[in-house]
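The structure appears right after this line, and notes come after that.
The values are calculated or read from the model by the stated rules, or taken from the named source; none is laboratory data. Bear in mind the structure is a predicted one, so any value in this text is a computation, not a measurement. Because the Cβ atoms are built from the backbone with ideal geometry, glycine has one as well, and the counts that use them run over all protein chains shown.
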């Protein structure tokens with residue numbers, strides 16, 4: 001299983017696995033998940049043309065995307081949809097049922113749309129958490145691998161710890177990657193989050209997007225070699 005970050009506000013860290021070329025950055029998040037011969041695009045970032053350019057730069061043509069999972073309806077996660085579809089992608093799209101009718105109808109004119117409320121299978125190899133949160137409704141993605149579950153989050157507005165707990169559903173957690181939404185958190189809240197994720201048995205973390213630099217530094221110190229410093233172009237691989 002391979003995850004490639006194709007849209008992020010963080011650049012690729014020196015020494016991080018990836019294509020070895022300069023990719024564009026913009027506020028937002030998107031990654032390609034390759035598993036069991038399929039490609040899932042998780043979110044679309046904020047800048048559609050940049051998203052497509054970055055995808056092609058890492059060898060992923062839009063037409064090769066089988067499924068699109070959208071975490072929540074914020075501009076920095078759904079902003080690339082129109083350009084993605086204009087580039088020829090025709091994935092099945094998984095959206096929280098709370099998405100606006102206008103966006104759901106716009107998508108349904110071009111692609112199959114699955115409206116998610118509870119936990120929903122994405123093929124035979126992944127599932128969404130279902131809708132979580134109250135003020136900002138969001139879903140995460142859980143991907144089954146030979147090393148355990150890989151959890152992907154967009155911003156984790158409902159709380160990264162709770163999203164990981166629900167996504168894992170009692171299974172070993174091999175990786176958590178994406179936005180942890182700790183950019184405005186103080187050291188105490190960050191350290192509590194680190195302890196809670198460690199207590200859940202998370203083996204590896206790759207926080208990016210809205211996690212915030214302070215949180216990334218403290219995760220790196222706490223997780224040591226179980227921390228992956230990632231940004232656009234970074235690649236994460238797991239067994240299975």
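Below is a table of values for the structure above.
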{"quantity": "Residue in the stretch 185-201 that is surrounded by the most Cβ atoms within 10 Å (Cβ to Cβ), counting only those that are in contact with a strand residue (DSSP E or B) (Cβ under 8 Å, 6 or more places away or on another chain) and under 13 Å from residue 162 (Cα atoms)", "calculated": "197"}
{"quantity": "Top-ranked residue of the stretch 62-82 - restricted to ones that are under 21 Å from residue 125 (Cβ atoms) and surrounded by fewer than 18 Cβ atoms within 10 Å (Cβ to Cβ), ranked as nearest to the chain's Cα centre (by Cα)", "calculated": "66"}
{"quantity": "Candidate set: the stretch 34-61, residues that are under 17 Å from residue 126 (Cβ atoms) and out of contact with any helix residue (DSSP H, G or I) (no Cβ under 8 Å at 6 or more places or on another chain); chosen: the one surrounded by the most Cβ atoms within 10 Å (Cβ to Cβ)", "calculated": "42"}
{"quantity": "Selection within the stretch 156-165 - without any contact (Cβ under 8 Å) to a residue 40 or more places away in the chain and on the phi < 0 side of the Ramachandran plot", "calculated": "158, 160, 161, 162, 163, 164, 165"}
{"quantity": "Lone unmet requirement of (1) over 22 Å from residue 30 (Cα atoms); (2) touching a residue at least 12 places away in the same chain (Cβ under 8 Å); (3) out of contact with any helix residue (DSSP H, G or I) (no Cβ under 7 Å at 6 or more places or on another chain) for residue 225", "calculated": "(2)"}
{"quantity": "Failed condition for residue 136, given (1) free of Cβ contacts under 8 Å to residues at least 40 places away in the same chain; (2) out of contact with any strand residue (DSSP E or B) (no Cβ under 9 Å at 6 or more places or on another chain)", "calculated": "(1)"}
{"quantity": "Qualifying position, being surrounded by 15 or more Cβ atoms within 10 Å (Cβ to Cβ), under 16 Å from the mean Cα position of the chain (by Cα), touching a residue at least 24 places away in the same chain (Cβ under 8 Å) and assigned to a loop (DSSP other than H, G, I, E, B), among 182, 175", "calculated": "182"}
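One line per residue, one yes/no per condition, for (1) assigned to a strand (DSSP E or B); (2) closer than 18 Å to residue 34 by Cβ; (3) at pLDDT below 95:
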| residue | (1), (2), (3) |
| --- | --- |
| 106 | no, no, yes |
| 111 | no, no, no |
| 114 | yes, no, no |
| 127 | yes, yes, no |
| 135 | no, no, yes |
| 142 | yes, yes, no |
